[in-house]
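Undergrad: Before I ask anything, here is the structure I am working with.
Derivation of every value follows stated rules applied to the coordinates shown; laboratory data play no part. Note that this is a predicted model, so its numbers are computed, not measured. Every residue, glycine as well, gets a Cβ built from its backbone with ideal geometry; the counts of neighbours run over all protein chains shown.
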C-alpha cells in the first residue's frame, strides 16, 4: 500500500484547515503557560507556521480568505461590544479624549514617518495606526470591578471616535494611492456614503427586530441573520469605494442594542469569533512576519521609532485630556493603559496597506513589533492602575435584566410584551422564569416544562433577546426571589389577577411574599382584556415625596415605552398641591397634567375608560400598597388594565431618557 505524504507548504483543503485549527488550539495554551497576552502568542504561532517560519502554510487561498473574513468579524465584534450607554453618559469626556488621543498620534506619527523617508500617504496611513487603539486591557478592569469608573467609560467611548476616524483615514488614503481621489470620486462617494450609511443605520435595526420577532425565533436563524448583516454591510461599503472593515464596524454599532452583551445570541457570536474567525485572522496576519526582515537594523530602527511614537502619543493624550477633565493620576493611568494597545484597527490598516502596495514588508514587520510591544506594555500598566481606581456606585439600566415569572399561559404574551419594551430600549435581556414547587408530580412538572418552551417562543416573537429559567424550589415566591438574585435582575414584572386570594392579603400570597423578599423596581400588571387605547397615569401626594420619586420615574418610563409603538395618548392626573412634581412630569412627557385632589380611587372612577391602561406609582410599604391594590382595582371600569409601579431598589439605576430609548422600543 502506497501513501502520498503531503509536501510543504500544505495545499489540500482538509489538511490546511486541520493545520489552522491546530494552531488556533495551541496558541491559547501557550499563552496561559507563558503568561503572555493571547493576541501576541497567536501572531507568533502564525509566524511559526507561515512561509517565513517552518513553511507549513502559505498565506494564499483558503488561509487568506478566512483571514479576511476574520478581519471583518473582528471589526464587527468591536462595534458590537462597545457600551453605547456609557458613551452617551460620558459623551463630552469621550469626545474630548477621543479627539485628543486621535489628533496627537496623527500629528506625531505623520511627522515621524515623513522624517523616516515615507511618502505623505504612507505617513498618514501609519499615523492612523497609532491614532486608533484596541481595548485589550478592558478585561483587567472587569476582573477588579472598576469598569464603571468614569476614566474607563471615557476610554471606551473614545474608542468609537478613534477607530471610526482611523478607518475613514484608511479608506481615503487607499483610494488616493490607487489614483481614485478625484473630484468625481468625491462627488460620487459622499452621496453614496450618505445613502448607504443612513440606510444601514435606519434600516438594519428595524429589519433585525422584524426578523427576530418572526423567523428569528429560531436561535440558529438569529445567528445566521447577524452574519448575513455583517458581510452584506461590509460588501456594500466596499462597493461604494470604502474599505469593507468600515462597514463591518458600522454594522456592529448599529446592531449594538439588538444583540445584548449578556444575551445568548451575543454569547454564540463571541464564542464563534473567539474560537474560529478572529484567531484565524491573527494567524494569517502573523504569517506576514519575517524574522530576517524584522531583525534588520533598519526595521528595528523604524519599529523602535514607531513604538516610541505610539506610546508617547497615547501618554501625552491621556495626560492632556485627564488634566483638562480634572481626572486624578490613577484615572489618567487607566486611560493610557486602555488606549495604548495596538491590535484590531492597526492590523486592519497594515493588511490593507500591504495589499494595495502602499507599505512594504519591512514596514509591516516594524508595525508588528509595535503591536507586540504595546500589547505587553498596556496590560502591565492596566494591572497597576485598575486596582487603584475607586469603585463607582453601581449604575444599571432598568432594562438590563428583566425577570418575568410566568405561571398562566394566557398572561404570557402580555407580560413578555411589557418586559421586552424595557429590555429592547436598554439593549438588555428578558428572563422568563417558570417554577415548579418541590414534590410536584411528573405530569404537573411536564406541564411546567412545556410552558417554559412556550414562553421562550413568545419572548423571541416579541423581538427581545431572552433566556428562560426553569427551576424547582420550595415555593413559587422563593423561586422568584432566588432568580432575582441569581440573574442580578434590574426590573421585575409580575402578573396580577386584580383580586386577592385570601383575606388580609394585599395582592395575593405569592406576590406579597415576593415583594417582602425583593428590593428592586417592580411592575405589577393586571390585563383587563380590552385593547389599550390610552394610558392614564394617576399621581397623588403620597408619591410626590423623595421616597416616591423612583416609583414615579418608573411609571413615566413605562408609559413612554408602552405608548410609543402605537402612538397612544398619555394623560396624567396629579395632585394639585405639589407644583414641582407636576412641572417635572410635564417636562418629561411634554403634556399638561390635569388636577384632582380626591383619593386615587375616586379619581380613577371619574377619569378612567374601559380601554385605558391605568398606571399608578406607589411607595412599596404595606399601607400604601393596600391603598392601591383593592381600591384601584375596584374603581377601574370593566376592561381596563392596571399597572402598579413601585421602586425600593437599593442600587442606583439609570432610568433611560426619552432620547436614549427613541427608536429601540418600536
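Undergrad: What is the calculated FRET efficiency for residue 121 to residue 30, with r their C-beta to C-beta distance and R₀ = 51 Å, to the nearest 0.05? Kindly include the intermediate steps, with their values, before the conclusion.
TA: Working: r = 38 Å, r/R0 = 0.74.
My answer for the efficiency is 0.85.
Undergrad: A further question on this structure: If you line up the Cα atoms of segment 13-385 on their principal axes, what length do they span on each, largest first, in Å?
TA: That gives 60, 57, 53 Å along the principal axes, largest extent first.
Undergrad: Something else now. So if I restrict to the alpha-carbon atoms in segment 1-124, what is the Rg, and what is Dmax, the biggest pairwise distance, in Å?
TA: Computed over the Cα atoms of segment 1-124, radius of gyration and Dmax are 20.8, 73 Å.
Undergrad: How big is the C-alpha Rg of segment 20-86 next to the rule-of-thumb value 2.2 N^0.38 Å, as a ratio?
TA: Working it through for segment 20-86, the quotient is 1.32.
Undergrad: At 222 nm, what value in deg cm²/dmol follows for the chain if DSSP H runs of at least 4 each add -39500 (n - 2.57) and the sum is divided by all its residues, to the nearest 500? Mind showing how you got there, number by number?
TA: Numbers: 26 runs with 395 residues, N = 666.
Calculated from helices alone, the mean residue ellipticity at 222 nm is -19500 deg cm²/dmol.
Undergrad: Gap in Å between the Cα centre of segment 93-126 and the Cα centre of segment 311-327?
TA: So the two Cα centres are separated by 16 Å.
Undergrad: Something else now. Evaluated at 37 °C with a viscosity of 0.692 mPa s, what Stokes-Einstein diffusion coefficient in µm²/s does segment 527-648 have when Rh comes from the Kirkwood expression over alpha-carbon pairs?
TA: So the translational diffusion coefficient is about 233 µm²/s.
Undergrad: With a cut-off of 8 Å between alpha carbons and a minimum separation of six or more residues, what is the relative contact order of segment 220-306 in percent?
TA: Relative CO of segment 220-306 lands at 17 percent.
Undergrad: Output the peptides 28-36, 490-498, 530-538, 188-196 sorted from most to least packed, where packing is the average of other Cβ atoms within 10 Å over each peptide's residues.
TA: Per-residue Cβ counts within 10 Å, averaged per peptide and sorted highest first, yield 490-498, 530-538, 188-196, 28-36.
Undergrad: Moving on to the next point. Pull up the DSSP beta bridges for the chain and report the antiparallel fraction as a percent, rounded to 5.
TA: Approximately 10 percent, going by the DSSP bridge assignments.
Undergrad: Along the three principal axes, how long is the chain when you take its alpha carbons, biggest first, rounded to the nearest angstrom?
TA: Over the chain, Cα extents along the principal axes are 87, 70, 51 Å.
Undergrad: What does segment 316-450 give for Rg and for Dmax, in Å, if only its C-alpha atoms count?
TA: Just the Cα atoms of segment 316-450 yield Rg and Dmax of 25.7, 72 Å.
Undergrad: Give or take rounding to whole Å, what are the principal axis extents of the alpha carbon atoms in segment 580-636, in descending order?
TA: Sorted from largest, the Cα extents of segment 580-636 read 31, 28, 20 Å.
Undergrad: Sticking with this one: Taking the Cα centre of each part, how many Å lie between segment 149-180 and segment 479-548?
TA: 46
Undergrad: Right, another one. Give me the orientation-averaged projected area of the Cα convex hull of segment 237-336, in nm², one decimal.
TA: The Cα convex hull of segment 237-336, projected and averaged over all directions, gives 10.8 nm².
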